Each structure stands twice: as C-alpha cells, then as structure tokens.
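A.B. asks: Here it is, the structure in full.
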C-alpha cells in the first residue's frame, strides 16, 4: 500500500481549475518531487493534504486513512509535517521555542500536572528537549538556539522551519520549495539534509521545487504538472527529457 | 499615614482595572484582536452575580452564586466566540473591533432591560468590615480585591508559560497557519480564550460590585482599563496588572493634590506619555524588528 495516495483530485477557485483530476501515489521511504511552472497547482496540492483547502472531488488516503475526514489540526497527529513556501514561523519566539512547539502533538500531560509542574511533566519536558536538541545538532542550529526568529536571516529561518517539521517526528514530510531563496551553498546543505532525512530518519519526503539540480540530486520520482493536471511522471531524467514538459516550461518554438 | 491610605485604596481600585485589562490582554494574546466589550463583560458578570445573590432576585448564597456567575460568564464568552466572532475568522482586525464595540452596546442595553438602569449593590459578604493594620484602615473588600487579583494573575501567567494549552494559545496568536500544522485546533483554542476572559471579567465584576453600586453603564470603566493595558504593554499579563495598579493609584493622588478634574484626565495623560516615550508599554512583549 502506498503511504500517500491521491486519486482524481479536483479543486476549483471560482471558474479557475487549480487542480484537475490529478492522481499520484507516494511509496514509503521515497523522495518524490512535484515540479511545474508557476500556477501549476503544486502548492494547492500541499494545501489540500494539509486540509486548508477542501477538494471538489477526489480521494486522499494517508496510510490507508481517509484524509478528508480529519480536521487541519489533526493532520499533524497522523504524522504529516510540512514547511511553507513563504516560511510560517512563530516570529516572536526563539528558535528553541519554535522547535518545541513542533513537539506539541507528543505532549500528554494534563492541565493540572502542568500548572504544578509535576515530576511527570518534568520528565516529559526533558524528553522533548532532548528530541529538539537532536534536531538542532542535525541542522547545525546551535548558534541560533536562543535567538528570536524576527531577527534571523532568511536562509536560517528556512532551516528552522525544516527543523520544526522534523521535531514533530513525522512519517511524511512536505517541503514547499525548500531551496527557494537559498544561496548555492545553502542549497547544497539542503540537499544533504534531505538525503539524510530519508536515509537516517526513514522519513518519506514529498517536495515542490523549481531547482532542477536539487530535484535530480535527491528525488527518486518526479511528477510534472501544468495547469493543475499531470504532464509526466518518472525518474528526474525521464521527466526532464519529456517533450511535453519541455513545452510547458519553454513553450513551443515556431516550427 | 494619609498617603498610605490613599495608596491602599488606589491599589484596590487599580486591581479592578488590572483584571479588566487582563481580559483585554488575554483576547489580544490569543486572537490579536481587541475586545472593546471587555468592560461590559465585567458589568454583565457583576449583574449575573447580583441577580443570583440579591434577596429581591434569586437569593442564592454568595459563595454559591460567585462561582456560578463565573461559570455562566465563561460559557457566555465561549458561545459568543462560537456563534458570533468565529464568523469573522480571517476578516480584518477592524471588523472585530467594530463588532466588539457593538457587542458592548448590546450587553449594556440587555443588562438594563433585565436589571434596570438604577444603581444597585451586590449583597456581598465582602462588603462589610474593616481591618486595621498599623494605623491604616483596610476594608475587607479592598484586601480581597488585591489578593484575588494577584492570585489570578499568577495563575494565568503560569498557565500561558507552562501548560500545553497555554503555549498552544500563544502559538495560535502568532501564526494561525503554522499552529494548525503543529496540530493545534486554532478555532477551539480561541473559543477557550474567550471563555477564560469571560470568567476573568466575572471575577472583576463581582469584586467591583462588592466595592460599590453597579449600573449598566459601569462597563465604560473598560476605557480606563484599556489605557491600563496599553500602559502596561499590550500582550503582557503582568503588564496589565501593573498598568491597572498605576492607573488606580494615580487617580486618588491626583484627586488629592491636583486641582479638581485632573484626576479624571491623569490616567490618559500618563497613557500619552507612555505612548510617546515607551511605545511598547512598560513591560513590553514585542521588540523592534531589525530591518
């Protein structure tokens, strides 16, 4: 069974068809990319998985469970984490606090225990801190641990958002343009991290990305979209050489 | 001794302002909106308690009526969010501001229609008795107001700093979309905040009504409490209390030592001064953004 399976998804905004009868499936342990020109509906697919948008039609299954029956806040509990194209962090909190919020779904203590800071709460708190410290070490964020997000450069925020998603201990990680706005070195780091996230942590990755260098470097399979519909699917090399994909990106020449 | 007496009665008044300011800050922290009906919530809480306690209405014992009215106001706050405010989810802040101002008017007239527009006194056991401490005469109600306010502020502060729900509320206020992705039910969390702020308003109302007569326009006190919240630094719970205390203490001193009328404008003069010299308030939660 596929980890994430989307069948015949359609979403319209007014008269605009954002996603048109789209189907694809992601297997456990793979890195899967969605590519396509701006406005192809890539982020819309993410927002449907996050349950921010309800599809007009279609089926969304995660590990056999129907995604369309859960609320947006319950998606995290299923083990789906994500980042955003425009970075959505808690700007007035520190890096550490942001990552700790990522642990929210794992907290089990009750209100009374918390108010009195009971031993169980302390033990749990230590465990979460430990999990977060592992993420900080993995992403090399030590120097920024107690810095507020509001004062951090763009590239670091991007990494913090990835860290917050990892801190939640997901099975499926959705990355919305992980390399956009990053320098060449930062993109290289991102590539290694995505590799390690799959290999060491065993997390399945679904990403939307424009940087074809990064996509061919880390992805097993690629889905190309145009106008909300499937153009091609296959290995990065196959998709890049597909004439329909080339046409969607570059337009047809005057032949 | 004279000054000490002024200080104590000022502190007790300031605590009531502080409690209403707490309500402002709670809503602001969770939803980034300002509830201009907070003063009217306080008034309504007082009248609910009065309606339950006073002999001419339901004549319940005060110690039963007080928690009951706190509960009623908490439920009312939650329902108000569920049925009215949630419909504005995603709308601009100004829509919420206008709506809460309108809610304030509605609450004022509903309270007037039920309990009349004449001033009434809550038959509270707190209203009687004085305690003399080293020459300073403290009324029981002033003492109760101060103790309850301090305890409530500490509890709420701990709640926001330590508990899963409190932290979720802070997260939801800073970034709703990110909060959803972290597994926080944003709308429900906001409803709970309205409930807590309703309960806080009821506590303020019961204490205020124990100090003196209430009428449906008492909610206009909320404007002074709003000034207190801004002075303290909007968004900070201890700041709200400190702001309330400052406003409360300034009034009796201004009344005593300045020409007549100045005591009324003193809180707002201070508000202006704070906005000019420390625009983020005395205990500020936000910092300047580096550009």
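Read-outs: derived from the displayed coordinates by stated rules, not from any lab. The model shown is predicted, which means the values in this text are computed figures rather than measured ones. Glycine also receives a Cβ, built like all others from the backbone with ideal geometry; neighbour counts cover every protein chain displayed.
A.B. asks: What is the gain in length, in nm to one decimal, between residue A:86 and residue A:235 on full extension, counting 0.36 nm per residue of separation less the C-alpha to C-alpha distance?
C.D. replies: On the way: separation 149, 0.36 × 149 = 53.64 nm, distance 2.77 nm.
Additional length available on full extension: 50.9 nm.
A.B. asks: Say each of residue B:56 and residue A:227 gets a label point 7 Å from the Cα, pointing the same way as Cα to Cβ; how far apart are those two points in nm?
C.D. replies: About 7.6 nm separates the two model spin labels.
A.B. asks: Next up: For chain B, max minus min Cα coordinate along each principal axis, in Å, sorted largest first?
C.D. replies: Taking max minus min along each principal axis of the Cα atoms, chain B gives 58, 48, 33 Å.
A.B. asks: OK, next. Round to a whole angstrom and tell me the spacing of the C-alpha centers of region B:25-52 and region B:53-117.
C.D. replies: First find each Cα centre; the distance between them is then 7 Å.
A.B. asks: Once you have the Cα-Cα distance between residue B:91 and residue B:154, take 0.36 nm times their residue separation minus that, and quote the gain in nm to one decimal. Working shown, then result.
C.D. replies: Numbers: separation 63, 0.36 × 63 = 22.68 nm, distance 3.28 nm.
In short, 19.4 nm is gained.
A.B. asks: Another one. What 222 nm value per residue comes from the helices of chain A, counting each DSSP H run with n ≥ 4 as -39,500 (n - 2.57) and dividing by all residues, nearest 500 deg cm²/dmol? Intermediate results must be reported in sequence, preceding the final value.
C.D. replies: On the way: 10 runs with 96 residues, N = 255.
The helix contribution divided over chain A gives -11000 deg cm²/dmol.
A.B. asks: Say each of residue A:212 and residue B:213 gets a label point 7 Å from the Cα, pointing the same way as Cα to Cβ; how far apart are those two points in nm?
C.D. replies: If labels sit at residue A:212 and residue B:213, their model points lie 8.3 nm apart.
A.B. asks: As an exercise, use a Förster radius of 51 Å and the Cβ-Cβ distance of residue A:68 and residue A:184 to find the FRET efficiency, rounded to the nearest 0.05.
C.D. replies: Values: r = 40 Å, r/R0 = 0.79.
My answer for the efficiency is 0.80.
A.B. asks: Between residue B:256 and residue A:199, what is the label-to-label distance in nm when each label sits 7 Å out along the Cα-to-Cβ direction?
C.D. replies: Roughly 7.6 nm, to one decimal.
A.B. asks: Taking 8 Å as the Cα distance limit and 6 or more residues as the minimum spacing, I'd like the relative contact order of chain A as a percentage.
C.D. replies: Values: 441 pairs, mean separation 70.2, N = 255.
Answer for chain A is 28 percent.
A.B. asks: In addition: Stretch residue B:113-residue B:7 to full length: gain in nm at 0.36 nm per residue minus the Cα-Cα span?
C.D. replies: 34.4 nm
A.B. asks: Further question: Please compute the contact order of region A:162-255 in relative form: average sequence separation of alpha-carbon pairs under 8 Å and at least six residues apart, divided by the residue count, as a percent. Don't jump to the answer; show the numbers that get you there.
C.D. replies: On the way: 95 pairs, mean separation 19.9, N = 94.
The value is 21 percent.
A.B. asks: Separate question: With equal scatterers on the alpha carbons only and no solvent term, can you work out the Debye log10 of I(q)/I(0) for region A:18-174 at 0.09, 0.15, 0.18 1/Å?
C.D. replies: For region A:18-174, the Cα-only Debye profile gives -0.36, -0.92, -1.19.
A.B. asks: While we're on this one: Fewest to most neighbouring Cβ within 10 Å: what's the order for B:253, B:62? Walk me through the numbers on the way to the answer.
C.D. replies: Working: B:253 15, B:62 18.
Fewest to most other Cβ atoms nearby, the residues stand as B:253, B:62.
A.B. asks: Ranking A:91, B:142 by Cβ neighbours within 10 Å, fewest first, what do you get? Display every interim value, and only then the final one.
C.D. replies: On the way: A:91 18, B:142 23.
Least crowded to most crowded, the residues run A:91, B:142.
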